[in-house]
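A quick write-up on the structure given underneath.
The values are calculated or read from the model by the stated rules, or taken from the named source; none is laboratory data. Given the structure is predicted, the values throughout are model-derived calculations rather than measurements. Virtual Cβ from ideal backbone geometry, glycine too; neighbours counted across all protein chains shown.
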Amino acid sequence: MRRLTGSHGYPMLQVFTSYPEENVKAILQPWQLFVLILAGWVNRRQQDAIDYLLTENRVLRQKLGKKRISLNRSETIKESETG
């Protein structure tokens, strides 16, 4: 695959559609590349946190079994406030 560059020498991103005659070449500015990399990094960190919390919940539910947790009044109020 050859590297596409615009008139200013910036890397270009080739966008493909289902219709070949509508394929478009868009100039990808350096700051846009930075934003894409940053967004990907943040997304990965969020997904890691979600995966960890899902695993933690699954393990804790297995340990708890069929038991119910009884909350006192202040814990119930805090839970209702946080949604």
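Overview of values
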| quantity | calculated |
| --- | --- |
| Breaking point among (1) modelled with pLDDT under 90; (2) within 21 Å of the chain's Cα centre (by Cα), for Leu13 | (2) |
| Residue satisfying all of: in segment 27-83; part of a loop (DSSP other than H, G, I, E, B) and surrounded by 10 or more Cβ atoms within 10 Å (Cβ to Cβ); modelled with the highest pLDDT among these | Gln29 |
